[in-house]
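The values are calculated or read from the model by the stated rules, or taken from the named source; none is laboratory data. Since the structure is predicted, the reported quantities are computational estimates derived from the model, not experimental observations. Because the Cβ atoms are built from the backbone with ideal geometry, glycine has one as well, and the counts that use them run over all protein chains shown. We work out accessible area using only protein heavy atoms, side chains counted, and drop any ligands, DNA or RNA first. Shrake-Rupley method; radii C 1.70, N 1.55, O 1.52, S 1.80 Å.
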Amino acid sequence: MSTSPTRSPAPATTGLAMVLGCYVLWGMFPLYFHLLAAAGSLEIIGHRILWTLATCLIAVALMRRWGRLRAALTTPRLLRSLVVSGIIVTLNWLIYVYGVNSGRTADAALGYFINPLVTVALAALFLGERLRRIQLAALGLASLGVLVLVVAQGTLPWVSLGLAGTFGLYGLAKKRSGAHVDALTGLTVESLAVAPLAVAYLGCLAAQGQTVFQGPQGSPGIGLLLLTAGPVTAVPLLLFAAGARRVALTTIGMVQYLGPILQFLLAWLVFHEEITTARWAAMVLVWAAVAVFIVDLVRQVSRRPSGRGGRQG
């Protein structure tokens, strides 16, 4: 009597570990950028771009993916898409580093809570996807949360909106190019596209004697920290790319909130940022929107045929 082979859970387990590791690292980013506070936000981003590019090129060499990189650089439409996504993700990095190092880590966390809802709105606007009523309700709750902050503070929470908007647009750009390029090649080309700007800015700073290395706060320690900006940026992205292929979309949809939860806890409990009553109210409304969004995501996935292996993505 023969028995059917049992599918090993190892790939899904490994994938979940990769995705969890990715979001834990992203959630801990504020600790890393606080250590670099002596450098300005633009200088940090300049180093982040260059060392990310160096890290990616080393990975391309080790994995012998020069052919894929050459193909991406010589395909005009794909190259244009990756240049645009490189500019967008650089803006996202800049807003994030500025937010963290100006005492607005809680605002940054709020932006990443809102981001999936912004992504849904962008999909409806640019890709023609229809929004279900429950998705509209989630967007309405999140918008109400932002409105509470605007009324209470008298200003737009631009760090939150900037992060949600730029990362949403980055996701849209990757949606259009992702089927034609792997994660490592895409990140390499994106970094290469903005590297000239980073070199020019850091060169100007050095010529004026204003880099962090030339100031009184310069030290070998901060130099080493800036050097690690490449692996710090590349490793979570590559973990995510590898893990996302092994786990269900609904799992990613829920795990993605681990990052902003950790960022918010750091802002509140470690950096002791002031969380006003209005901000708490806004966060509660956004968390309610997130809960509605997750419930809808789980319901939609549970209604789909399981198929072979019961795995998506």
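A compact table of results
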quantity	calculated
Full-extension gain in nm, VAL298 to ILE58, via 0.36 nm per residue minus C-alpha separation	82.5 nm
Shape of segment 1-139, Cα gyration tensor, a/c cut at 1.5	rounded
Charged-residue dipole, Cβ positions (Lys, Arg, Asp, Glu), segment 145-278 about Cα centre, Debye nearest 20	440
Highest-first arrangement of 239-248, 164-173, where packing means the average Cβ count within 10 Å	164-173, 239-248
Relative contact order (%) - criterion: Cα under 8 Å, at least six apart; region: the chain	39
Surface per residue (accessible, 1.4 Å probe) for the chain, Å²	51
Radius of gyration and Dmax over the Cα atoms of the chain, both given in Å	20.7, 80
Burial ranking of peptide ranges 142-149, 223-230, 103-110 (average Cβ count within 10 Å, highest at the top)	103-110, 142-149, 223-230
Equivalent ellipsoid semi-axes - Cα gyration tensor, segment 228-275, angstrom	26, 17, 5
Mean separation of Cα contacts under 8 Å (6+ apart) over length of segment 46-169, as relative contact order %	33
Longest to shortest principal axis, alpha-carbon extents of segment 92-247, angstrom	56, 44, 26
Portion, in percent, of the accessible area of the chain that falls on carbon or sulfur, probe 1.4 Å	67
